[in-house]
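The values are calculated or read from the model by the stated rules, or taken from the named source; none is laboratory data. In this text, all values refer to a predicted model and were calculated from it rather than measured experimentally. Don't worry about glycine lacking a Cβ; one is built from the backbone with ideal geometry, like all the others, and counts go over all protein chains shown.
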Amino acid sequence: MPLSEQEQRLLDEMERHLMRNDADVVSAREGRALSYRNIVYGTILVLLGLGGLIAGVALKLIVVGVIAFVVMLGGVILAVTPARGAPKTAPRPVKTASGRPAAGGSFMDRMNDRWDRRQGER
């Protein structure tokens, strides 16, 4: 059963507010700027570690294999580490229809406030 126009608008508005205000969603999209340099260096370390691991197995030297594995692990950690100088962007303040910034609080708090105002108007 399709949504009515009013339900679709309400759903779109709720989605926009969620994307603007929900800290988990905002932080998942922003603040995780990976550095290409770290990815390249990490990949090189993983490949070197893989070569060392193969050499350690071929030469039957456990110490070489363990060291190579640690190098591979370090390469993976380096590759997925965000850049140090990456700016952590703060979420933009939400503007209401009148152009004023929305009051603080969670999305549900604002929705409850709007509901209370609408009920008070009747």
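Numerical summary
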| read-out | value |
| --- | --- |
| Residue check for Ile62: more than 26 Å from the chain's Cα centre (by Cα), at pLDDT 90 or above and exposed (fewer than 13 other Cβ atoms within 10 Å of the Cβ) | yes |
| The listed residue being out of contact with any helix residue (DSSP H, G or I) (no Cβ under 7 Å at 6 or more places or on another chain), at pLDDT 75 or above and either surrounded by fewer than 13 Cβ atoms within 10 Å (Cβ to Cβ) or not in a helix (DSSP H, G or I) (or both), out of Arg110, Arg118, Arg84 | Arg118 |
| Inter-residue pairs, beta-carbon under 9 Å, first under 17 Å from Leu10 (Cα atoms) and in region 100-122, second modelled with pLDDT of 80 or more and hydrophobic (A, V, I, L, M, F, W, C), 6+ apart | Phe107/Met14; Met111/Met14 |
